[in-house]
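Have a look at the structure below before the remarks.
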Amino acid sequence: MSGRRTVQVLLMLGGLLAWAVQFTVIYAVTSTLCGRGWADATLLGFHIVPATIVATTLLMLAATGILLLISFRIYRQVRGEPVAPADLFMSQASVLINGFSPIVLIWHAVPAFLLPSCA
């Protein structure tokens, strides 16, 4: 795989990677704190579990937003030019995936606030 194609694939899958990072961090922190009995611990006046969920979600939303802007810019560049079908597909897929990823990130964070931390 060439360097350019690797960047295209990573850009295309960036939103899914952001979701995977959010999923891993949220569940790793929650399970560790709940397993050790520290779910009600606070840091700077905030409960650690909800603060971790908010921080991770906001960070991944920002990363996905940046990836979406880059995807739009690349799609507008290749839209009017004669390009390989694979390049057009990857630019369209990256806009689609990075466009839906914020919905998934928010959808994944909301139940953490509706349910108790260690339910």
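Rule-based calculations on the coordinates, nothing more; no lab input. Bear in mind the structure is a predicted one, so any value in this text is a computation, not a measurement. Here Cβ is always computed from backbone atoms with ideal geometry, including for glycine, and neighbour counts include all displayed protein chains.
One table, with the values for the structure above:
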quantity	calculated
Leading residue at positive end of dipole, the chain (Cβ point charges), from V49, L61, L33	L61
Residue with peak Gaussian network fluctuation, the chain [Cα springs, cutoff 10 Å], from A41, A93, A20	A41
Debye, to nearest 20: dipole size of the chain, +1 on Lys, Arg Cβ, -1 on Asp, Glu Cβ	260 debye
Options (1) 0.95; (2) 1.14; (3) 0.99 - which one matches Rg/Rh (Cα atoms, Kirkwood Rh) as calculated here	(2)
